[in-house]
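The values are calculated or read from the model by the stated rules, or taken from the named source; none is laboratory data. Here the structure is a predicted model, which is why all the values come from computation and not from measurement. Virtual Cβ from ideal backbone geometry, glycine too; neighbours counted across all protein chains shown.
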Amino acid sequence: MFRYAISFTLWVLFATTSHASAVPRVVVSIAPVHSLVVGVMDGVAEPVLLVRGNSSPHGYRLKPSQVRSLQRADLIIWVGESVEGFLQRPLANYDESKTIVELMNVKAMHLISAREGGGWPAAKEEGHHHNYAQIDGHLWLDPQNAKVIVKQVVATLSKLDSTRAAIYTDNGQRMQQALTELDQLLKQTLAAVSHTPYLVFHDAYQYFEQRYGLASLAAVISAAEHKPGAKRISRVRELAKTEQVHCVFSEPQLPSKLISIITEGSNLKSATLDPMGMGLKPGQSLYFDLMKKLGQDLLGCLEG
């Protein structure tokens, strides 16, 4: 009887340990998406974030430790080739035993074509980094798409880890409500400047602009990897003058010297927009802080 009790106790300990180690190992590419995944996994585990700090996903290079994290991962979540091109080759080498969610392929996702022509000067002459089926990859900048991401993550994790499906579902519902409130706040914040013209450094904000009816007219550069020539800069300056542009926005991860060239000798104001959340602490609140800051930075430069 005593021997049986010991055996049963050891079995319970083994089962408990095995159960505890069954939490899926999750790796997420960029901070805004990572933030949403953290929210879904709250109380369970912390997903690994690849692109941290002041790094940009454009041209990013994986560290050996990050390669190992990808190899050990049960679930990898990324946007797609047009945003994290550095992941295309590593992910292509994994077999079907590893779950990979490419957000651009999620059916319910609202996708927008990469913008060319019109008020966007010479996008074709220099190429555009969103060359994946001509789709703009900055899809997380629409809270409605963030809801789709949360729903997809809940479904994927619940399938991989059914014992904790109730936790993922509850967290997902809480995140959905928070995203609804965020969307309403941004609508109120930006209503007064919805028709005020402005310029951006590169075309990263189309989802945000369409969601809140903003009036961005052109980008200083047509791709994060290219520098504009004198002809393009001249055209952007002329557009700013003829269209009475109020503000031109730079980005923290991209060179800002061009902004001073655009604004030189004019009354154009300048400010910074950050689509990635650089400078913000990674975690559950980052996505919400990022979106609120975008709204406040736009409002601050455009109002009046």
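Taking segment 156-249 and the helices (runs of 4 or more DSSP H) fully enclosed by it, no element has 3 or more residues that are hydroxyl-bearing (Ser, Thr, Tyr) and in contact (Cβ under 8 Å) with a residue 40 or more places away in the chain. Report, by residue number, each residue of segment 251-304 that is small (Gly, Ala, Ser) and not in a helix (DSSP H, G or I). Residues satisfying the conditions are SER256, GLY265, SER266, SER270, ALA271, GLY277, GLY279, GLY283, SER285, GLY304.
Among residues of segment 36-50 that are within 22 Å of GLN144 (Cβ to Cβ) and in the same structural domain as ASP170 (by TED's automatic domain parsing), those with a Cβ under 8 angstrom from a residue that is in a strand (DSSP E or B) and at pLDDT 95 or above, sequence gap 6+ or separate chain, pair up as VAL37/VAL26; VAL37/VAL28; VAL37/ILE77; MET41/VAL26.
Considering only residues that are among the charged types (D, E, K, R) and surrounded by fewer than 20 Cβ atoms within 10 Å (Cβ to Cβ), look in segment 243-273 and name the one that is modelled with the lowest pLDDT. In this case the residue turns out to be LYS257. Considering segment 55-83, the residues that are over 20 Å from ASN145 (Cα atoms) and of a type in the set (Gly, Ala, Ser) include one that is modelled with the lowest pLDDT, namely GLY59. For segment 92-103, residues that are at pLDDT below 95 and not charged (D, E, K, R) total 4. Just one of the numbered conditions (1) buried (at least 17 other Cβ atoms within 10 Å of the Cβ); (2) out of contact with any Pro (no Cβ under 8 Å at 6 or more places or on another chain); (3) not assigned by TED's automatic domain parsing to the domain that holds GLY295 is not true of TYR212: (3).
Considering GLY59, GLY53, the condition of being surrounded by fewer than 18 Cβ atoms within 10 Å (Cβ to Cβ), in contact (Cβ under 8 Å) with a residue 12 or more places away in the chain and under 20 Å from GLY137 (Cβ atoms) is satisfied by GLY59 alone. Taking the conditions (1) at positive phi; (2) part of a helix (DSSP H, G or I) in turn, GLY80 satisfies each one other than (2). Here LEU87 meets the list (1) modelled with pLDDT of 90 or more; (2) in contact with a helix residue (DSSP H, G or I) (Cβ under 7 Å, 6 or more places away or on another chain); (3) buried (at least 20 other Cβ atoms within 10 Å of the Cβ) almost entirely, failing just condition (2).
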